[in-house]
Structure formats: structure tokens, C-alpha cells
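Notes follow the structure.
The values are calculated or read from the model by the stated rules, or taken from the named source; none is laboratory data. Because the structure is a prediction, the values reported are computed rather than measured. Neighbour counts run over all protein chains shown; Cβ positions are idealised from the backbone, glycine included.
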Amino acid sequence: MSRLGRIGSECRAGAKAFLRRRTAVFFTFFFPVIIVLIFGVLVGTQPTGGGLFAEPPGYYLPGYLAVVVLFTPLSRVGSEFARHREGSRFEKLATTPLRRWEWLLAHTLVNVFVIGAASLLIFGLVVALVDAQIAVGAHLLLLIPFVALGVALFCGLGAVLGRLADSQDGVIAASNSVALPLLFLSETFVTPELLPAWFRPVTNLSPLTYFARGVRSLTYEQVSTPVVGATDPTTLALTNLAVLAVLAAVFFVAGTYAVPRTD
Amino acid sequence: MDAAVVADDVTKRYGDLVAVDGVSLSVPAGTVFGLIGPNGAGKTSLVRCLTGTTEYEGEVSLLGSAPESVDRSRIGLLPQSFSPPERLTVRELLGYYADLYDEARDVPSVIEEVGLDDSAETWYEELSGGQQRRACVGITLVNDPDVLFLDEPTTGIDPKGRRDLWTLIEELAAAGTTVVLTSHSMDEVERLADRVAMLADGEVVAEGSPATLIAEHGGESRLEIRTEAVADPLANRGFRVEASAGRLTLHDVDAAEIDDAVDALAAAGIDYESFTWTEPTLEDVYLELTGESFRGDDVAGPAEPAEAEVER
């Protein structure tokens with residue numbers, strides 16, 4: 001069996017194992033839906049200023065997408081990692097031709113598929129329920145690499161957390177501890193203006209910031225509408241995509257080394 | 001005969017704990033090699049060293065290569081507490097692992113070999129404990145390995161399942177597969193292994209064929225007769241007899257001599273309630289060499305009786 005065959009086999013097994021855990025599937029899609037319903041519909045936005053969400057609804061689409069791009073890979077890969085370790089599956093796989101990076105790539109592809117579907121759902125909900133004004137056009141296809149690279153990045157981080165934590169409980173606690181600060185300090189739901197000036201440069205350290213900025217430049221009309229003298233939104237998106245790609249590569253490699261070859 | 005697995009002064013430490021302490025052994029190709037010892041003796045750690053799934057000190061040769069660089073399609077491993085993805089059917093599970101190799105066996109034939117034809121479409125988590133273990137053994141067979149490491153393969157399996165697996169292992173060995181088997185079930189190793197290494201506190205305390213180890217360290221066979229009679233009539237027939245309250249113990253009696261003893265009892269008109277013949281086992285060897293018993297550690301089910309009791 002070729003390398004593609006090995007990755008495909010691991011991918012199929014991972015996808016079936018996930019799709020047959022109904023509660024996992026349900027909450028993978030229910031979680032972002034409930035976030036959109038609470039923040040987008042119940043709380044709503046107040047474009048005239050003040051309140052929790054002072055920007056127009058479209059501003060927060062990257063935040064809603066970030067919820068699944070960030071939380072789902074972290075928890076899924078982290079949990080899968082713990083399950084593999086507790087069931088001596090890594091020990092078994094270490095005696096098969098499957099390589100560590102092939103394992104992580106296979107599980108990343110499963111996550112890209114799952115999170116891609118969840119992202120489509122979120123996109124539709126935000127447009128339909130929150131009345132967000134989205135800049136529609138071919139440039140929206142760039143959302144695909146944004147989601148894919150974001151998922152790859154956080155799958156790598158999930159593998160690192162899975163390696164560091166010694167149980168499924170530990171993985172979940174570690175994932176939440178990492179994900180919550182990232183979610184709110186990466187230009188997703190909290191605008192930079194709401195942060196102290198001295199802290200704003202810190203947001204540049206979050207990989208999620210480049211996801212949020214890039215997605216926003218593609219979808220948020222106030223950014224996407226070309227302005228004379230300003231950077232072209234697509235160029236802005238590609239710049240952020242390039243940074244995200246580099247970070248994704250770094251985290252993926254780190255995640256590969258986190259997959260145990262020995263006990 | 002070439003050695004399939006060689007360990008030379010292998011040591012495995014977990015911090016201050018020495019799990020494997022300077023173990024050297026050689027497993028000839030095409031044989032079944034048993035690693036026995038109670039929980040914590042170092043069996044699983046040694047298997048990890050031999051398969052390269054842990055860091056270790058010393059030298060290991062697996063099919064002529066270091067374990068880390070051996071052709072992975074030539075080895076199979078069943079880890080001790082292995083639990084594969086639980087919501088795949090038996091067929092899907094074996095297919096999943098088979099597809100990780102360039103060449104693999106026909107999955108239905110492996111399913112048939114481990115006796116799971118009727119459960120092929122059942123999710124792993126819905127199988128009984130014994131069926132799960134058989135599915136795990138099937139997973140290790142999909143690549144038709146030259147060397148197979150089975151770490152306590154019969155744990156949790158019912159008696160029939162155990163015997164089926166024993167037969168399977170015997171067939172694999174007969175077909176030329178080298179099997180390294182760990183167990184704390186003495187009867188299992190005694191039946192299956194050509195050679196045995198006994199581990200205690202990470203060290204090999206004895207190595208050899210089960211028969212040789214028993215002959216050298218197991219002590220003598222005994223025939224215990226529940227009777228109020230005195231020892232003289234049997235002693236006069238050449239038996240070495242020890243008398244205690246309500247019991248005569250004949251030492252060093254092999255199976256062929258039981259009839260002679262019974263004839264002697266009849267000839268002397270001695271009445272008895274029952275007699276029990278006990279032959280030494282690997283457990284006796286272990287007890288003799290380490291001063292420690294396996295009893296209480298054997299979770300694989302009760303040991304096969306090494307004794308025969310007859311009531312009159």
C-alpha cells in the first residue's frame with residue numbers, strides 16, 4: 001500500500017470512528033450554532049456604539065468561524081491522541097509502516113472535512129439569522145485555504161497538548177485553557193480598540209489573529225470594499241494567509257514530533 | 001538455526017525504576033519463545049525494547065536489524081492493553097490495519113482464522129472480551145509477520161477461546177512464524193513455548209525449554225494417598241514414602257508408576273479415600289528460583305491442573 005493508501009486508510013478509520021460517535025458529531029455542530037444564536041441573535045450587535053458587540057454583524061463572522069477552527073481541532077486531536085495512548089494504539093502503529101506525520105495528516109484531513117462542513121453551517125447561519133452583510137464574490141473561495149490551514153495549525157497544537165497532557169480530562173482542560181484566551185484576544189470578538197494600547201501588539205503573537213484578519217478582509221464589507229490608497233483586501237488576505245501557512249507548517253511539524261514513536 | 005530476535009544486556013529504566021535489568025536472550029527463528037513472570041516482572045517493558053517501541057540501553061537485533069530500522073511489514077505486535085478504534089466492525093478494523101502495509105493477507109481469511117466469521121460486521125465495542133482479544137490477534141496477523149510479539153494474548157478470554165488461540169499460535173509456529181509470547185499463565189507457556197525465559201524484578205532468572213527447567217528446578221512428582229495406613233507396605237515395594245496424619249506421600253513417582261502404587265495398596269489390603277498425583281510445573285520452577293509465587297497474579301484464568309485426583 002502506498003503512502004497515499006496508508007493516509008487514506010487512517011483517514012477512513014478516523015472519519016468512521018468520529019461519525020459513529022453521535023454525541024461527538026452533534027456537539028461538534030451544535031456548539032458553533034449555539035454560539036451564533038447567543039452572540040449573534042440573542043445578544044445582538046449595537047453598531048451605534050456601546051454594549052458587548054459594537055461592530056456591525058459582519059465583523060464577527062471570523063469570530064464565529066474561529067470558534068470551530070480553534071476549539072474543534074484542539075479537542076478532537078487532543079482527545080484522539082489520549083485515546084490512542086490509553087489504548088496502546090501508538091505502540092501498535094509504531095510497528096506498522098505508518099509514519100507519524102502521515103497519522104497527523106490523516107487526522108488533520110478528517111478535521112478539515114468536519115470543520116469545513118461546520119464552517120459552511122456557520123456561514124449560512126450568520127448570513128440568514130444575524131443579517132450580516134457579506135462581500136460576495138470569487139474571493140470567498142480563499143476561505144477554504146484559510147479554514148484548512150487554520151485547522152492544520154490547531155491540529156498540530158492539539159497533538160502537542162495531547163502529548164503534554166496525561167489523560168483525556170487533561171487534554172480538555174489544557175485545550176480550554178489555551179483556546180479561550182486565544183479566542184478573545186485574536187481580533188475575533190474583541191476589537192483591538194477595546195484592549196489596552198500596550199497589550200495590542202501581543203495579539204500579533206496569536207496565530208488566530210491572522211486567521212481573523214484574513215477572513216475579515218475577505219468577508220467584511222467595510223474592509224472588502226476597495227478604498228483608494230488602501231491595501232487591496234485580497235492582498236491583505238493573502239498576506240495573512242501566507243503568515244497562517246508558515247505558522248501552520250511550524251505547528252504541524254511540532255505536532256508530528258509530538259506523536260509518540262516510543263512510550 | 002538463525003536467531004530472529006537477540007537481546008544483549010538490555011536495560012530499561014523509568015526514572016529510578018529498573019524495569020529490565022541487563023537481559024540477554026536469543027530467540028531462534030521459527031520457534032515460540034515464552035516470557036513469563038508475575039505482574040511487574042518486566043515482561044511488557046522487555047517486549048517494548050525488543051520491538052523498538054521504547055528507549056533502552058544495550059543491543060537488540062530483530063531480524064538482523066535494530067528494531068527501529070527493521071522492515072515493519074515483517075513484524076507484528078499485540079500490545080498488552082491494546083484497544084483499537086471501538087466503533088469499527090471487525091472487518092473494517094482488520095481492513096484498516098491491512099491497508100497500512102504494501103502487501104497484506106486477505107482480510108476474510110484472517111477473520112476466519114481467528115474464529116470471528118459470525119461477528120465480522122459487529123462493532124469492536126460490542127464484541128465480548130474474548131472476541132475483542134481475538135480481533136486484536138487478527139490485527140497482528142494481517143501483514144503475515146515473520147516475527148510476532150504477543151503480550152498476554154489470552155488475557156480475558158474464556159477457556160475455549162484460549163484453546164482456540166493456542167491452536168492458532170501452534171499453527172503459526174508450525175508454518176515458520178517466530179512467536180514471542182508473554183504470559184503469567186504457566187500452563188499456556190508450558191504448552192506453547194519451545195523455550196522460556198523467567199523474569200523476576202526485570203532479570204532473567206532462568207531460561208530453557210519448559211521440560212528442562214522443570215527437570216532441573218521443578219522438584220519431584222508426588223502421589224498423595226489419603227489413608228490411615230502406615231507406610232511400610234509401600235516402602236517395601238521401593239517407594240520413598242513420607243507419612244503424616246491421614247496421608248501418605250510417595251515422592252518421585254512418575255505417571256507410569258501410579259499403577260504400581262495402586263497395586264501395592266491393593267496387595268497390602270490398604271484402604272484409602274483418594275489419591276492425588278502432582279507433577280512439578282513451571283510455577284514450581286519459579287517458586288524454587290525466586291521464592292515467590294504467582295498465585296493471585298494470574299488474571300488469565302485458573303491454571304490448568306498439573307495434578308490428577310482420584311476418589312475411591
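The set of residues in the stretch A:93-122 being touching a Pro at 6+ places or on another chain (Cβ under 6 Å) and within 14 Å of another protein chain (Cβ to nearest Cβ) is empty.
Among the residues of the stretch A:190-209, are any assigned to a helix (DSSP H, G or I), in contact with a Leu (Cβ under 6 Å, 6 or more places away or on another chain) and crowded, with 21+ Cβ neighbours inside 10 Å? Yes, there is a match, as at least one residue in the stretch A:190-209 is assigned to a helix (DSSP H, G or I), in contact with a Leu (Cβ under 6 Å, 6 or more places away or on another chain) and crowded, with 21+ Cβ neighbours inside 10 Å.
Checking the stretch B:124-136 against the condition returns a match, with at least one residue being in a loop (DSSP other than H, G, I, E, B), aliphatic (A, V, I, L, M) and under 19 Å from residue A:88 (Cβ atoms). Would you be able to say whether some residue in the stretch A:223-233 is modelled with pLDDT under 95, over 22 Å from residue A:67 (Cβ atoms) and buried (at least 20 other Cβ atoms within 10 Å of the Cβ)? Within the stretch A:223-233 (the criterion being modelled with pLDDT under 95, over 22 Å from residue A:67 (Cβ atoms) and buried (at least 20 other Cβ atoms within 10 Å of the Cβ)), the answer is yes, since at least one residue qualifies.
State whether the residues of the stretch A:123-133 include one that is out of contact with any Pro (no Cβ under 9 Å at 6 or more places or on another chain) and surrounded by 23 or more Cβ atoms within 10 Å (Cβ to Cβ).
Among the residues of the stretch A:123-133, not one is out of contact with any Pro (no Cβ under 9 Å at 6 or more places or on another chain) and surrounded by 23 or more Cβ atoms within 10 Å (Cβ to Cβ), which makes the answer no.
Taking the criterion of being touching a residue at least 60 places away in the same chain (Cβ under 8 Å), away from every other protein chain (no Cβ under 14 Å) and farther than 19 Å from residue A:157 by Cβ, the residues of the stretch A:234-263 that qualify are A:234, A:237, A:238.
Quick test for you: out of A:98, A:120, A:149, pick the one residue that is in contact (Cβ under 8 Å) with a residue 40 or more places away in the chain, in a helix (DSSP H, G or I) and not aromatic (Phe, Trp, Tyr).
Only one candidate passes the filter, namely A:149.
Can you find a residue in the stretch B:189-204 that is of a type in the set (A, V, I, L, M) and part of a helix (DSSP H, G or I)? Within the stretch B:189-204, one or more residues are of a type in the set (A, V, I, L, M) and part of a helix (DSSP H, G or I). Here residue B:77 passes the criteria (1) crowded, with 21+ Cβ neighbours inside 10 Å; (2) touching a Lys or Arg at 6+ places or on another chain (Cβ under 7 Å); (3) over 30 Å from residue B:285 (Cα atoms); (4) of a type in the set (A, V, I, L, M, F, W, C) except the one numbered (3). Counting the residues of the stretch B:148-171 that are closer than 23 Å to residue B:98 by Cα and surrounded by 22 or more Cβ atoms within 10 Å (Cβ to Cβ) gives 9. The set of residues from the stretch B:129-187 being under 24 Å from residue B:65 (Cβ atoms) and of a type in the set (Asp, Glu) comprises B:144, B:146, B:151.
Residues in the stretch B:233-252 that are closer than 16 Å to residue B:274 by Cα and in a loop (DSSP other than H, G, I, E, B): B:245, B:246. Just a yes or no: is a residue in the stretch B:37-56 assigned to a loop (DSSP other than H, G, I, E, B), at the interface with chain A (Cβ under 10 Å from one of its Cβ atoms) and crowded, with 24+ Cβ neighbours inside 10 Å? Yes, there is a match, as at least one residue in the stretch B:37-56 is assigned to a loop (DSSP other than H, G, I, E, B), at the interface with chain A (Cβ under 10 Å from one of its Cβ atoms) and crowded, with 24+ Cβ neighbours inside 10 Å.
Scanning the stretch B:137-164 for residues that are modelled with pLDDT of 95 or more, in a loop (DSSP other than H, G, I, E, B) and over 20 Å from residue B:33 (Cα atoms) gives B:142, B:143.
Yes or no, residue by residue, for (1) within 10 Å of chain B (Cβ to nearest Cβ); (2) surrounded by fewer than 16 Cβ atoms within 10 Å (Cβ to Cβ); (3) not in a helix (DSSP H, G or I):
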site: A:9; (1), (2), (3): yes, no, no
site: A:23; (1), (2), (3): no, yes, no
site: A:36; (1), (2), (3): no, no, no
site: A:40; (1), (2), (3): no, no, no
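Are any residues in the stretch B:273-291 part of a helix (DSSP H, G or I) and in contact (Cβ under 8 Å) with a residue 60 or more places away in the chain, and if so, which ones? It would help to see each step written out before you state the result.
Within the stretch B:273-291, the subset part of a helix (DSSP H, G or I) is B:282-290.
The answer is B:282, B:283, B:284, B:285, B:286, B:288, B:289, B:290.
Taking first residues from the stretch B:137-152 that are at the interface with chain A (Cβ under 10 Å from one of its Cβ atoms) and touching a residue at least 24 places away in the same chain (Cβ under 8 Å) and partners that are assigned to a loop (DSSP other than H, G, I, E, B) and not small (Gly, Ala, Ser), the Cβ contacts under 6 Å between residues at least 6 apart in sequence or on separate chains come to B:142/B:105; B:143/B:101; B:151/B:79; B:151/B:80. Does the stretch A:64-81 include one or more residues that are in a helix (DSSP H, G or I), of a type outside the set (S, T, N, Q), crowded, with 17+ Cβ neighbours inside 10 Å and at the interface with chain B (Cβ under 10 Å from one of its Cβ atoms)? Yes, the conditions are met somewhere in the stretch A:64-81.
Tallying residues that are part of a strand (DSSP E or B), more than 26 Å from the chain's Cα centre (by Cα) and at the interface with chain A (Cβ under 7 Å from one of its Cβ atoms) within the stretch B:57-100 yields 0.
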